[in-house]
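Note sheet for the following structure.
The values are calculated or read from the model by the stated rules, or taken from the named source; none is laboratory data. Everything numeric in this text was worked out from a predicted model, so none of it was measured. Don't worry about glycine lacking a Cβ; one is built from the backbone with ideal geometry, like all the others, and counts go over all protein chains shown. The accessibility values were calculated without ligands, DNA or RNA, using every heavy atom of the protein model including side chains. Shrake-Rupley method; radii C 1.70, N 1.55, O 1.52, S 1.80 Å.
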Amino acid sequence: MRGIALEGGGAKGSFQIGAMKALRDLGIDYEVIAGTSIGAINGAMIAEGKLDFLESLWLTLEMKDMIEGDTEMLKKIMALDIKVESNRLKHFFSEMFRQGGLDVTPFKEKLYTYVDEDALRKSNVDFGLVTVSLSAMKPIELFVSEIPEGKLHDYIIASANLPAFKDEKLDNKKMLDGAFFDNLPVNMLLKRGCDEVIAIRLMGVGRIRKIPKEHQDKVITIMPSEDLGKLLEIDKERAKHNIKLGYFDTMRAMKKLHGYRYYISDMEEEAYFLNRFISITEETLSEISKFLNMDKPGHRMMFEQMIPLIGDLLKAERTDTYGQMILRYYEFLAEQAGIDRFEIMGYQTFVKRVNAHYLSQVESYKGIQEEIVKRLLSALPNKSITLLPSKLKNELLTHIYHIILRGFVDSGIYS
């Protein structure tokens, strides 16, 4: 039996929509889904079969759909806007404290409208959630069959009850967001009998309980490849981006794609990359050596000085192979070039796309940037290159690539 665990994380939850769409496109079925906080909200509607409808909600959601009150002020506070009017700010917090937290009445009203308790109870996909009883000081992990009739919406709301929200009571007990006990209910699914769990992370704030060692090989974790934004960053464009990110990051995990930012379907053998390094001409290596003030000759300089420097600038792992190092380099170059990352492509297609962009700049790049970078480098001892500001590191990496690219073109071995 396969289960899906959905982490809590507020507005980051749009990532889960893209992830679930990818699982659907891959034909990956599941029998049970459990979530905490936004994971419980998403999970309930997904179990009910409303994934497409849920996506449309995320793409139209605004702060006013979730919170009652001065939502424009809340946006400014979250954005750390220092130009906020002091009287308006004072009134905002005064009202918030008076009512015991942010008023999430609009959210509750929508939850009752969009989650059909009868349909969820009849669904072929079981549903579970996590919350905490603050009154009883104990966690509550329940599947839908264990939730009393007519109380399902209340328990979902309780699962997402952040401390900043107005106090929620369920059967006269104060309830708290389930993230305080387990923000990613993998263990709940394992206890339910799942022999495989796909855990969709949001990197939200909360406790994640350790998975017993004997069950760790049953868990496939899908991680976001970039920050998903703030907890209460309810924004249509952010949601659109996170949905797309969730889709492709899930494809990476399930299809075992290569890449760190991009999505590469195949890679050459390691010998291919080693041969590419060896094929760099002595003339090109001499130019790089002079440019970087390196003291070792030819290919010794490349393997002992240049490649380690590039690895440091890219923040590569010490265990990276040459192929992984080159892929990191091309991903960096692709991002600098503004090449869309949301596409699955083969390694050679990816490289040709990057090279084509920079080949068009070979002649124009020879001028002023080269002189600027040279002056910057001459002002620093070689060992301090990695301490340069990010913008200058990027220029340095781009310039090294241009030297190598020109060398390949001039020698007639470019492909």
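Separation of segment 11-60 and segment 116-155 by C-alpha centroid, Å? Here the answer is 17 Å between Cα centres. Accessible area ranking (1.4 Å probe, heavy atoms, ligands and nucleic acids excluded), largest first, for Lys174, Lys210: Lys210, Lys174. A quarter of the convex hull surface defined by the alpha-carbon atoms of segment 229-340 gives 9.3 nm² as the mean projection.
Among 53-63, 188-198, sorting by the average number of other beta carbon atoms lying within 10 angstrom of each residue, highest first, gives 188-198, 53-63. Give me D for segment 181-248 in µm² s⁻¹, whole number, from Stokes-Einstein with Rh from the Kirkwood sum over alpha-carbon pairs, 25 °C and 0.890 mPa s. Approximately 181 µm²/s, per Stokes-Einstein.
The label point for Ser265 and the one for Met137, both projected 7 Å from the Cα toward the Cβ, are 5.7 nm apart. Protein-only accessible surface at a 1.4 angstrom probe places the residues His215, His258 in the order His258, His215, largest first.
When Leu396, Leu314 are compared by accessible surface with a 1.4 Å probe, the order from highest to lowest is Leu314, Leu396.
Normalising the average separation of contacting C-alpha pairs (under 8 angstrom, six or more residues apart) by the number of residues puts the relative contact order of segment 104-185 at 32 percent.
Per residue, the convex hull around the alpha carbon atoms of segment 286-338 comes to 86 Å³. Within the full protein context, the accessible area of Asp340 is estimated at about 90 Å² for a probe radius of 1.4 Å.
Accessible surface of Glu317, taken over heavy atoms with a 1.4 Å probe and every protein chain present, rounds to 110 Å².
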